[in-house]
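Worksheet: one structure, shown below.
The values are calculated or read from the model by the stated rules, or taken from the named source; none is laboratory data. Quick caveat, the model's predicted, so the values are computed rather than measured. We place every Cβ from the backbone using ideal geometry, glycine too, and count neighbours over all the protein chains shown. These area figures cover heavy atoms from the full protein model, side chains too; ligands, DNA and RNA do not enter into them. Shrake-Rupley method; radii C 1.70, N 1.55, O 1.52, S 1.80 Å.
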Amino acid sequence: MTEITIEMVLKRAEADAQTYGYYLTPDPNLLQGLLEGLKVNEERYGYPSCPCRLASGKFEYDRDIICPCDYRDPDVAEFGACYCRLYVSKDVFEGKKELPTVPERRPLEKQSRAYMATSTSKAETAVGQTTVTVKAAEKEIAETKPKLWYCKQCGYVVFRDEPPYICPICKAKREMFAEIKTRIDFVG
Amino acid sequence: MPFSKVSGTNNAHKVVVYALSTCVWCKMTKQFLKDSNVEFEYIDVDLCEESEKARIREELQNKSGGLSYPTTIVDDKIVIVGFRKDKLKEALGI
Ligand code: SF4
């Protein structure tokens with residue numbers, strides 16, 4: 001496995017910011033701290049989960065908080081920064097707007113999964129109730145299957161559990177996404 | 001993992017910080033309290049045992065109504081979510 005460096009984490013964030021028209025936080029100490037957190041998480045879990053949120057260590061549970069997380073686009077659009085304030089809008093970058101405080105948009109049920117995800121066996125020994133919750137969460141995962149979604153405004157297609165909050169291509173809202181229901185019939 | 005204690009001369013209040021070791025805003029909160037000589041306790045929840053996490057979740061959710069980091073609780077009643085210098089100063093009278 002290749003070693004993960006701060007440089008790599010920075011390059012990836014810069015490239016991503018550029019692609020989507022965002023900026024990285026202008027405060028160098030804050031930026032350094034955020035990149036270090038991402039690096040530690042990538043080393044620990046195998047993917048760069050959000051440094052400001054508790055990850056479960058299970059990919060299926062953490063998918064929505066792998067940086068850049070599902071909540072970044074709506075948060076930058078609404079507040080001018082993502083939850084951790086790694087990605088910011090142009091106005092914040094240029095100092096025309098103060099660095100905002102961004103409330104947590106991730107639903108509490110999803111946050112809760114981090115407290116019962118890894119090692120079911122250990123959780124089972126803890127409290128009876130935890131066992132039930134773990135089972136319920138696992139069932140839920142089995143039930144959420146990725147689907148094909150398309151943006152009615154620009155035609156962007158994505159394969160995931162839920163449609164994105166904002167279309168990464170044309171910035172249309174979630175409501176503009178519709179599921180593609182395909183049926184393949186083999187005749188004759 | 002138990003709570004770690006940081007001593008300080010400003011010890012009139014009971015200050016507890018729920019934090020993540022990877023979170024820069026949590027680090028800033030701890031640093032601000034240290035720089036202000038405030039006595040406090042903290043826990044890095046991501047470094048806790050799995051069995052402990054369930055317990056901490058209950059505790060944090062009961063006290064603050066959420067699961068965000070950092071959450072600072074002053075005297076078991078004032079809840080400050082995020083690194084909010086203004087609110088910390090106000091709550092601690094510093
Ligand atoms: S909140 Fe920001 S830093 Fe955290 S995962 Fe989302 S995009 Fe990345």
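A few comments on the model shown:
- Number of the condition not met by A:Glu78 [criteria: (1) within 14 Å of chain B (Cβ to nearest Cβ); (2) out of contact with any Leu (no Cβ under 9 Å at 6 or more places or on another chain)]: (1)
- Looking only at region A:54-81, and only at residues there that are in a loop (DSSP other than H, G, I, E, B), open to solvent by 10 Å² or more (accessible area, probe 1.4 Å) and within 11 Å of the ligand (Cβ to nearest atom), the one that is nearest to A:Tyr22 (Cα to Cα): A:Pro68
- Taking each residue of region A:32-51 that is facing another protein chain (nearest Cβ under 9 Å) and looking for partners that are buried (at least 24 other Cβ atoms within 10 Å of the Cβ) and assigned to a strand (DSSP E or B) with beta-carbon atoms closer than 9 Å, six or more apart or interchain, yields A:Leu38/A:Ser49; A:Asn41/A:Ser49.
- Of all residues making up region A:21-50, the number that are under 19 Å from A:Phe93 (Cα atoms) and surrounded by fewer than 16 Cβ atoms within 10 Å (Cβ to Cβ): 6
- B:Glu49, sole failed condition from (1) at the interface with chain A (Cβ under 10 Å from one of its Cβ atoms); (2) at pLDDT 95 or above: (2)
- Under the condition of being more than 10 Å from chain A (Cβ to nearest Cβ) and open to solvent by less than 20 Å² (accessible area, probe 1.4 Å), the residues counted in region B:19-43 number 6.
- For region B:83-94, a tally of residues being over 21 Å from B:Thr9 (Cβ atoms) and in a loop (DSSP other than H, G, I, E, B) returns 2.
- Condition met for A:Asp16 (in a helix (DSSP H, G or I), touching a Phe, Trp or Tyr at 6+ places or on another chain (Cβ under 9 Å) and surrounded by fewer than 20 Cβ atoms within 10 Å (Cβ to Cβ)): yes
- Counting only strands (runs of 3 or more DSSP E) that sit wholly inside region B:1-82, those with at least 3 residues that are of a type outside the set (D, E, K, R) and free of Cβ contacts under 8 Å to residues at least 60 places away in the same chain are B:15-19, B:40-44, B:71-74, B:78-81.
- Complete set of residues in region A:82-97 that are within 13 Å of the ligand (Cβ to nearest atom) and either of a type in the set (Phe, Trp, Tyr) or within 14 Å of another protein chain (Cβ to nearest Cβ) (or both): A:Cys82, A:Tyr83, A:Cys84, A:Arg85, A:Leu86, A:Tyr87
- Among (1) surrounded by 21 or more Cβ atoms within 10 Å (Cβ to Cβ); (2) within 13 Å of another protein chain (Cβ to nearest Cβ), the one test that B:Thr72 misses: (2)
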